[in-house]
1. Going 7 Å from the Cα of residue 48 along its beta-carbon direction, which residues of the range 110-131 have the amide nitrogen within less than 19 Å of the resulting point?
2. Place a point 7 Å from the Cα of residue 33 along the Cα-to-Cβ direction; which residues of the range 87-102 have their backbone N under 19 Å from it?
3. For residue 51, give me every one of the lysines with a C-alpha distance below 23 angstrom, ignoring sequence neighbours fewer than eight places off in its own chain.
4. Test of understanding: what is the full-extension gain from residue 276 to residue 205, defined as 0.36 nm times their sequence separation minus their Cα-Cα distance?
5. Most exposed first by the Cβ proxy, i.e. fewest other Cβ within 10 Å, how do 217, 63, 3 rank?
6. Among 68, 76, 229, what is the fewest-to-most ranking by other Cβ atoms within 10 Å?
7. At 0.36 nm per residue, and after removing the present C-alpha to C-alpha distance, how many nm does the segment from residue 158 to residue 126 gain when stretched out fully?
8. Among 241, 302, 180, which comes first, second and so on when ranked by fewest other beta-carbon atoms within 10 Å?
Amino acid sequence: MDFTLSPRAQDLQQRLQAFMDRHVYPAEAEFKAELDRHGRWHEPPVMERLKALAKAEGLWNLFLPDPVHGAGLSNVDYAPLAEIMGRSPIASEVFNCSAPDSGNMEILARYGTPEQQARWLQPLLEGRTRSCFSMTEPEVASSDATNIEAEITRDGDHYLVNGRKWWTSGIADPRCTLIIFMGKTSPDAADKHRQQSMLLIPRDTPGITVVRNLSVFGYDDAPHGHSEVLYENVRVPVANILLGEDRGFEIAQGRLGPGRIHHCMRLVGRAERCLELMCKRAANRVAFGKPLSSQTVTLERIAEARVLIDQARLLTLHAAWKMDTVGIKGARKEIAMIKVAAPQMACRVMDWAIQLHGAAGVSDDFILARSYAQARGLRIADGPDEVHRNQIGRLELQPWLPAKG
């Protein structure tokens, strides 16, 4: 295993950290104030200013391993950069590295035709538009993606799309112009993993209704948001199919692997910041005549948080290294492991930080409550813990099982 960063990645790490200190952290309160002042479903002006600064400094599209469209970094090189960005709830978008756009850009860069890339990928790469990914459905257990029931039916040189989705993140953003939709084109196919397709749907296509915006523990995540969406006879050109009919599951696996590891990298960064807040609070707060830092329970929790964060970081780096050396398929066990470990670690560290802050911890005066809500959501998003544990168990058992046949 080699987690050594390339000289270029080391340079980007230093520049990114300096940018965060100089521009991003000071802008967090301004972002929140502008969001409340200008309307929750409009991008605060400060974000566009930050994006322009980041682009000018070359801190842009760092997530894309494709050197033609992105920075061309390995997963190991990108890991510490994602961790730095993850420290702030607003940072990933500043550098055009936020979900679901990052995953959608990877899909388009990997599977899109030249025409699809020109129409959809280029504006996303430039940060001029945003996108969403529409797969999860309220009526079925979507942790098993083969369950989805939304229909994509051929009608001449178009498809007709019908179905109900939810947790479609980003569709409420007024800058969203593209929906990547997953539905079934061959529901009767014997291979249940060859029934689904992915389709590029313009956001302004008739027949698309946002039924409601969903919150996570009361947080609406505006102006990004998560929505329940109804698709009724949405008419889309056949040319908008990605890769070809019945290859949606294949695309989904290619998308979710990098997406999962990016989430975990960011969670490590957020947990690190929450531990810092915990230490500052412990060092400066007095209760019953003694600083909180002198309490044994406080010291134990700080120590345990350090152990858990470092464990998750090393596990994530190992998964990144495996992806770089043997590919996404070869690293599927390691990706599943970090998807279980990182959100659980973050939830525990954040819970301790909230407890140490007392009533302030559950308020919005600190980033703790919102961070916990996001971390807890990630124990479900991109596959719940139970699904990943089952995969880990099967892969671990595989060499010990009797040969078939």
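Where a number appears in this text, it was derived from the coordinates with a stated rule and is not lab data. Being a predicted model, the structure only gives us computed values, none of them experimental. Neighbour counts are summed over all protein chains in view; Cβ atoms, including those assigned to glycine, are modelled from backbone coordinates with ideal geometry.
1. What the label zone holds, given the 19 Å backbone N cut-off, is 123-131.
2. Of the residues in the range 87-102, 89-91 have backbone N under 19 Å from the label point off residue 33.
3. Reachable lysines: 32.
4. Going from the current span to full extension adds 20.9 nm.
5. On the way: 217 11, 63 28, 3 14.
Least to most surrounded, the residues fall as 217, 3, 63.
6. Taking fewest neighbouring Cβ atoms as first place, the list is 68, 229, 76.
7. 8.6 nm
8. Working: 241 22, 302 19, 180 25.
Ranking 241, 302, 180 by Cβ neighbours within 10 Å, fewest first, gives 302, 241, 180.
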